[in-house]
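First up is the structure itself, then whatever we jot down about it.
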């Protein structure tokens with residue numbers, strides 16, 4: 001009998017997890033089953049409930065993640081801990097029907113595919129668990145994803161799916177390479193595989209969530225943009241550098257806006273205006289990067305305040321260089337406040353990314 005591992009990433013899914021585990025264990029007529037619940041330090045009692053259930057049934061395993069979070073990293077950790085020849089990934093909120101997962105497993109075996117994904121947008125698929133706006137957003141995201149991925153995967157219709165089944169041995173090397181800061185694990189898996197995997201689709205009946213609320217927020221949309229740009233750069237430029245660069249672009253806007261304000265409204269000279277606006281832009285960059293680029297190491301409370309001073313200290317050299325280069329450019333090359341600031345900002349970016357990553361957020 002085929003050994004099937006099912007990976008369930010969870011965060012505050014206590015109301016949903018118990019009936020799902022019961023249904024999963026009931027498919028033993030078809031597969032030898034193990035279930036791995038990968039929990040991101042839920043606060044609603046999810047891990048405690050799973051732990052109690054696992055004491056009564058050894059087929060259930062709990063992986064409690066303290067100090068680690070994120071859907072992609074939870075899936076990767078669960079996959080690498082699985083013992084099954086076939087591994088299925090599905091949501092724990094009831095939106096993926098177990099019958100669809102079983103169908104995907106059978107299709108994987110019959111067609112000898114490496115991955116079979118449950119698609120919400122193919123043939124007989126149905127969507128009752130997404131709003132019209134979310135459905136449209138997913139369709140747009142799929143079109144962008146198709147453009148950025150290897151052409152071998154262009155036949156797929158749902159790169160954003162969270163329900164898929166894979167042949168573990170065939171996908172192992174690609175799984176290891178997946179960037180856990182990515183937007184969607186399935187998308188990242190296709191990107192790192194470089195077209196080497198055989199991927200098929202089956203229809204998915206996408207259901208409304210049983211209990212709780214969706215975890216989708218702006219940070220996930222941000223991750224999607226970064227994932228696309230990362231893939232289109234042939235994964236040469238680090239994800240965080242791309243994110244840091246986009247945030248830096250907002251800092252450019254802030255600096256230019258405040259420089260204009262101080263020069264035209266406050267009637268300050270260029271040197272004083274750019275000095276003040278450069279500091280304001282640096283603080284703006286710090287706060288946005290803390291929320292998005294480095295949110296896995298996000299600073300809070302006292303450490304957030306302490307981080308401001310560390311960031312300003314780290315960026316003080318490029319801020320001075322920013323002002324100095326911009327002023328020299330303005331006075332000796334061309335009296336353009338815009339291009340003068342661009343010269344200083346470019347130098348500041350390179351230093352800020354390398355230094356702040358290490359000394360502010362303690363990341364390599």
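A single member of 172, 187, 159 is closer than 28 Å to residue 13 by Cβ and out of contact with any helix residue (DSSP H, G or I) (no Cβ under 7 Å at 6 or more places or on another chain), and it is 172. Pairs are defined by a Cβ separation below 7 Å, a sequence spacing of at least 6 or placement on different chains, a first member in region 351-364 that is within 14 Å of residue 238 (Cβ to Cβ), and a second member that is not in a helix (DSSP H, G or I); the pairs so defined are 357/363; 361/294; 363/294.
Determine, yes or no, whether residue 89 is closer than 24 Å to residue 188 by Cα, in contact with a helix residue (DSSP H, G or I) (Cβ under 8 Å, 6 or more places away or on another chain), in the same structural domain as residue 171 (by TED's automatic domain parsing) and surrounded by 23 or more Cβ atoms within 10 Å (Cβ to Cβ). Answer is yes for this residue. Just one of the listed residues (36, 62, 79) is assigned to a helix (DSSP H, G or I) and in the same structural domain as residue 180 (by TED's automatic domain parsing), and it is 79. Number of residues in region 264-314 that are part of a loop (DSSP other than H, G, I, E, B) and without any contact (Cβ under 8 Å) to a residue 40 or more places away in the chain: the value is 7. For residues in region 5-54 being farther than 15 Å from residue 96 by Cβ and touching a residue at least 60 places away in the same chain (Cβ under 8 Å), which is nearest to the chain's Cα centre (by Cα)? For region 5-54, the residue satisfying everything is 11. Each residue in region 103-132 was checked for being farther than 20 Å from residue 76 by Cβ and in a loop (DSSP other than H, G, I, E, B), and 12 pass.
Remark: residue 100 falls outside the filter, which requires a residue to be touching a residue at least 12 places away in the same chain (Cβ under 8 Å) and in a loop (DSSP other than H, G, I, E, B). Answer with yes or no whether residue 116 is closer than 29 Å to residue 27 by Cβ and surrounded by 17 or more Cβ atoms within 10 Å (Cβ to Cβ). Taking the combined requirement at face value, the residue satisfies it. Every test in (1) in contact with a strand residue (DSSP E or B) (Cβ under 8 Å, 6 or more places away or on another chain); (2) modelled with pLDDT of 95 or more; (3) under 19 Å from residue 177 (Cα atoms) is passed by residue 80 save one, and that test is (1). The residues of region 66-76 that are under 23 Å from residue 209 (Cα atoms) and in a loop (DSSP other than H, G, I, E, B), listed by number, are 69, 70. Take residue 147 and decide whether it is assigned by TED's automatic domain parsing to the domain that holds residue 205 and free of Cβ contacts under 8 Å to residues at least 24 places away in the same chain. For residue 147, the condition - assigned by TED's automatic domain parsing to the domain that holds residue 205 and free of Cβ contacts under 8 Å to residues at least 24 places away in the same chain - is met. No other residue among 181, 170, 142 is part of a helix (DSSP H, G or I), surrounded by fewer than 21 Cβ atoms within 10 Å (Cβ to Cβ) and within 19 Å of the chain's Cα centre (by Cα) apart from 142. Checking the structure you have, find out if any residue of region 192-200 is touching a helix residue (DSSP H, G or I) at 6+ places or on another chain (Cβ under 6 Å), modelled with pLDDT of 85 or more and part of a helix (DSSP H, G or I). Yes, there is a match, as at least one residue in region 192-200 is touching a helix residue (DSSP H, G or I) at 6+ places or on another chain (Cβ under 6 Å), modelled with pLDDT of 85 or more and part of a helix (DSSP H, G or I). Please go through region 225-262 and pick out each residue that is on the phi > 0 side of the Ramachandran plot and part of a helix (DSSP H, G or I). Those that are on the phi > 0 side of the Ramachandran plot and part of a helix (DSSP H, G or I): none in region 225-262.
The values are calculated or read from the model by the stated rules, or taken from the named source; none is laboratory data. All figures in this text were calculated on a predicted structure; none of them were measured in a lab. Using ideal geometry, Cβ is built from the backbone for each residue, glycine included, and neighbour counts are taken over all protein chains shown.
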